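Peer 1: One structure follows; several queries about it will come next.
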Amino acid sequence: MTMAKVLVSDPIDQAGIEILSQVAQVDVETKLPLEELVKIIPEYDALMLRSGTKVTKEVIEAGKSLKIIGRAGVGVDNIDVAAATRQGIVVVNSPEGNTIAAAEHALAMILSLSRQIPAANQSVKAGKWERKKFIGNEVYKKTLGVVGLGKIGAHVATVARAMGMKLIAYDPFVSNERAERLHCRLVDLDLLFQESDYITLHIPKTTETANLINAESLATMKPTVRIVNCARGGIIDESAIAEALKENKIGGAALDVYANEPLGESPLTELGPNTVLTPHLGASTEEAQVNVAVDVAEQIRDVLLGLPARSAVNIPGLNPDVMEKMRPYLSLAETLGNMVGQLAGGRIEQLTVRLQGELASQDSQPIVIGALKGLLSQALRERVNYVNASIEAEERGIRVIETKDASDSDYSGGSLYLEAEGSKGKHSVMGALLGDSEIRITNLDDFPINVPPAGYMLFTLHRDMPGIIGNIGSLLGSYNVNIASMQVGRKIVRGDAVMVLSLDDPLPEGILDEITKVSGITDAYTVKLS
Ligand SMILES: NC(=O)c1ccc[n+]([C@@H]2O[C@H](COP(=O)([O-])OP(=O)(O)OC[C@H]3O[C@@H](n4cnc5c(N)ncnc54)[C@H](O)[C@@H]3O)[C@@H](O)[C@H]2O)c1
Ligand SMILES: O=C(O)CC[C@@H](O)C(=O)O
């Protein structure tokens, strides 16, 4: 077996490299120009990066073997996640590994601005002793406006409170209870801008948050306000804040992140001591770098070993614990999805997924994704996976109906019913687990059966009458097709029935037509599960 290959395209801690090396050949190539990255990426199974690499659609489309992209940090805005999802590539990050580092950097920025530490440092090093020039302010009893009360915002709030600051916050997605626990008063954004002595941003950059701080909002703030951005560049309009700082319309700003990085030429670099700039250092502590490298490298290792990732940003809701617990049911869902997809024909319009009995108490989302993965596997083969199954189904216009019926199942552990409507009509299959993980198909088109899935299967709809089984057996024998097992399911004696045959060999071309000509057979279908 050839060893997997991982490309590490930004500097990451050695602890991460060591983990990756357990399962893969690791190449560290930093500062690659885009065209070079596009050229070499086809060789790699995984890509690990920080904020320095831009993983564009072009990179992703060239990464034909990529299974996972790991961002050693929080923000995945330098990765085209939509393109990765479409291509079935898992994107993982380290949501908490650098929380404390980023929060402490924001707090350091608040204090640096208040006491003009960077400017005072420069002055002393220049041989001066300007004690009067560097009179600062205390943060004690000042109002801190926290925009974004997530992980980093919450830690900033906790420490700021310990320093005696009054806290207000704006985050439309957090509850009053969370804000109260953090001793923050939730306010609207306009009020936060007007009341704050310090404003600190801890939100992602989205279309809603782009240029959240601009000339207009700056005009509503106190003339002494100090603004800190250790979140993302582009949340502040850089020319507007540069203008406000130059004209002393606000007290100061400390920025770690920029619309374009590296910052290069910018009006921000021309500003005086009221402006503190750092080169995206929020996550740059030894501790955080070990945390994020280990966190993400472990996930890459796991995915390369066929295990789930714990912080995938593009597999909604499928956390590893759920995946592990549900694994046998996911396999059941995939098998049934694959079968019903073949029975109902190539162009599927609707899939109904019903979780029955005890299974109804489980989250249906992973099961639905598993069923869709199975359903699409004939068309998309290995291109469909747990990441892109839903998006691929949506693009094909497949309607998905999820239902639950806790009362209905003869099987302990419950059963799963799938019904698909497609170009070959409407068909249904039901299945359950025998013991912990053995799959049984328990129903086909509403006829009770009990068979394990097999590589090649033949299903017939027929009239239950003497001789029919023998005729089918002889016909298959004449084509040298060996029958591994056979079962008949019927609702009433001499009524309609199904026959399920597991075959050792694939059915030769044209034999289905012959089967349907056998007296009593009304229809016949084959399914290939290998
Ligand atoms: N400078 C750095 O090196 C560095 C390091 C780590 C994280 N970050 C950045 O810091 C930011 C926050 O990270 P986190 O780990 O706290 O994320 P988080 O997801 O825990 O918190 C983000 C918060 O923002 C809120 N939010 C989203 N949209 C909002 C909006 N329009 N208005 C107000 N609030 C909104 C969310 O409800 C959430 O509570 C991210 O942008 C991340 O990329 C930067
Ligand atoms: O990689 C870095 O140093 C920055 C990471 C930071 O911006 C993040 O979003 O986690």
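Peer 1: In the list Ala162, Ala126, Ala84, which residue meets the criterion of being among the aliphatic types (A, V, I, L, M), away from ligand 2 (no atom under 16 Å from the Cβ) and not assigned by TED's automatic domain parsing to the domain that holds Ser196? Steps first, answer last, please.
Peer 2: Values: Ala162 fails: not assigned by TED's automatic domain parsing to the domain that holds Ser196; Ala126 fails: not assigned by TED's automatic domain parsing to the domain that holds Ser196.
Exactly one of Ala162, Ala126, Ala84 is among the aliphatic types (A, V, I, L, M), away from ligand 2 (no atom under 16 Å from the Cβ) and not assigned by TED's automatic domain parsing to the domain that holds Ser196, namely Ala84.
Peer 1: Same structure again: If the Cβ limit is 7 Å and pairs must be 6+ apart or interchain, which residue in the stretch 335-346 that is among the aliphatic types (A, V, I, L, M) pairs with which residue that is assigned to a helix (DSSP H, G or I)?
Peer 2: Leu336/Ala371; Leu336/Gly374; Val340/Leu375
Peer 1: Could you figure out which of (1) surrounded by 22 or more Cβ atoms within 10 Å (Cβ to Cβ); (2) closer than 27 Å to Ala83 by Cβ isn't true of Arg347?
Peer 2: Condition not satisfied by Arg347: (1).
Peer 1: In the stretch 494-515, what residues are among the β-branched types (Val, Ile, Thr) and more than 16 Å from Met465 (Cβ to Cβ)?
Peer 2: Once the filter is applied, which keeps residues that are among the β-branched types (Val, Ile, Thr) and more than 16 Å from Met465 (Cβ to Cβ), the stretch 494-515 yields Val500, Ile511.
Peer 1: Go through the stretch 487-530 and count every residue that is among the hydrophobic types (A, V, I, L, M, F, W, C), in a strand (DSSP E or B) and free of Cβ contacts under 8 Å to residues at least 60 places away in the same chain.
Peer 2: Looking only at that region, the number is 7.
Peer 1: Within 16 Å of ligand 1 (Cβ to nearest atom) and surrounded by fewer than 19 Cβ atoms within 10 Å (Cβ to Cβ): is that true of Thr206 in this structure?
Peer 2: yes
Peer 1: Any idea which of Pro328, Pro273 is away from ligand 1 (no atom under 15 Å from the Cβ), under 22 Å from Ser112 (Cα atoms) and either at pLDDT below 95 or not in a helix (DSSP H, G or I) (or both)?
Peer 2: Within the list Pro328, Pro273, the selection yields Pro273.
Peer 1: Which ones in the stretch 209-231 are assigned to a loop (DSSP other than H, G, I, E, B) and crowded, with 24+ Cβ neighbours inside 10 Å?
Peer 2: Cys230, Ala231
Peer 1: Still on this structure: Among the residues of the stretch 475-486, is there at least one that is touching a residue at least 60 places away in the same chain (Cβ under 8 Å) and among the polar types (S, T, N, Q)?
Peer 2: no
Peer 1: If you don't mind, there's one more thing I want to ask. All but one of (1) over 23 Å from the mean Cα position of the chain (by Cα); (2) of a type outside the set (A, V, I, L, M); (3) farther than 13 Å from Ala432 by Cα hold for Glu358; state the number of the condition that does not hold.
Peer 2: Condition (3) is where Glu358 drops out.
Peer 1: Still on this structure: Just the residues that are of a type in the set (A, V, I, L, M, F, W, C), surrounded by fewer than 18 Cβ atoms within 10 Å (Cβ to Cβ) and either on the phi > 0 side of the Ramachandran plot or assigned to a helix (DSSP H, G or I) (or both), please, taken from the stretch 151-182.
Peer 2: Val159, Ala162
Peer 1: Which condition does Ile449 not pass, out of (1) over 18 Å from Lys517 (Cβ atoms); (2) touching a helix residue (DSSP H, G or I) at 6+ places or on another chain (Cβ under 9 Å), if it passes all the others?
Peer 2: Single failed check for Ile449: (2).
Peer 1: Against the condition crowded, with 16+ Cβ neighbours inside 10 Å, over 14 Å from Leu304 (Cα atoms) and touching a residue at least 12 places away in the same chain (Cβ under 8 Å), how does Ile12 come out, does it pass?
Peer 2: Working: crowded, with 16+ Cβ neighbours inside 10 Å: yes; over 14 Å from Leu304 (Cα atoms): yes; touching a residue at least 12 places away in the same chain (Cβ under 8 Å): yes.
Here the answer is yes, as Ile12 does meet what is asked.
Peer 1: So, in the stretch 345-400, of the ones that are at pLDDT 90 or above and among the basic types (Lys, Arg), which residue ends up farthest from Lys64 (Cα to Cα)?
Peer 2: Arg354
The values are calculated or read from the model by the stated rules, or taken from the named source; none is laboratory data. Treat the numbers as computed from the prediction; the structure is a model and nothing was measured. Cβ sites come from the backbone with ideal geometry, for glycine too, and all protein chains shown count toward neighbours.
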